[in-house]
1. What does a probe at residue 19 reach in segment 67-87, counting residues whose amide N is under 16 Å from the point 7 Å along Cα→Cβ?
2. If I take every Cα pair under 8 Å that is 6 or more residues apart in segment 126-245, average their sequence separation and divide by the length, what percent do I get for the relative contact order?
3. How high is the relative contact order of segment 4-253, in percent, counting Cα pairs under 8 Å that sit 6 or more residues apart?
4. Cα centroids of segment 133-178 and segment 13-88: how far apart, whole angstrom?
5. Normalising by the residue count of segment 190-242, find the relative contact order in percent from Cα pairs under 8 Å and 6+ residues apart.
6. Convex hull over the Cα atoms of the chain, averaged projected area in nm²?
7. So in the chain, what percent of DSSP beta bridges are antiparallel if you round to the nearest 5?
8. Subtracting the Cα-Cα distance from 0.36 nm times the residue separation, let me have the gained length for residue 224 to residue 142 in nm, one decimal.
């Protein structure tokens, strides 16, 4: 099926630099939300998925409990110049949401997360006529498939490739159903995690009969210029070419200062 998003993104990128939105975490911190606000019992909408886990810090849950506040953040990024705005779904996988007892909420988080951004962008477009794109954000999870979390057992892995693939697939399907224009596999520190996400995207695209553009954001962890799993940017690039529709990669660097 022809993908108008790919054509439009490509044509626009040939004309000018496309602007990605900024950080969500710091904007959410500025809201100074309480535990009750996160759960939607103090303000907003109560979480429709029962859990007895504390929720403060579960920023993805705000998609369901504080959607208006999130929409305003997305809208502000859009109206001030962002061409591509990411969903607030960095941790919206069953793997990451297990910490909060909200594995059952994952599809809703992703579908509604994409819809919130779409509505914010449509508001901005109604003002200035500029077309904007929803990037479905797919985070790295809190597990690594290439490294052992136990220094005394280097062969141990806390997660398998297939577990990641299934979790990412559920996330991507929700993002597609919510209207995402492209998928952003972001803040990747382990290339094997990225490959699982790419494979999940390809499966989800086949299921929906529609291929979306993929963007990948890698993380350079220190002055060595390598990812946490030890790859240089060039090696990371070569490792992810299996997604032949992936044309956009970026890197974020974490630096340490002394003194």
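Since every read-out is calculated from the coordinates, none of them should be taken as a lab result. None of these values were measured; they are calculated from a predicted model. Cβ coordinates were reconstructed from backbone atoms using ideal geometry, including for glycine residues, and neighbour counts include every protein chain displayed.
1. Correct set: 73-86.
2. Numbers: 175 pairs, mean separation 31.9, N = 120.
It rounds to 27 percent for segment 126-245.
3. Value for segment 4-253: 15 percent.
4. A separation of 21 Å, based on Cα centres.
5. Values: 25 pairs, mean separation 20.0, N = 53.
Dividing the mean separation by the residue count of segment 190-242 yields 38 percent.
6. Numbers: hull surface 63.2 nm².
Quarter of the Cα hull surface area: 15.8 nm².
7. Values: 0 of 19 bridges.
In the chain, approximately 0 percent of DSSP beta bridges are antiparallel ones.
8. Values: separation 82, 0.36 × 82 = 29.52 nm, distance 2.25 nm.
The residue 224-residue 142 span can extend by a further 27.3 nm.
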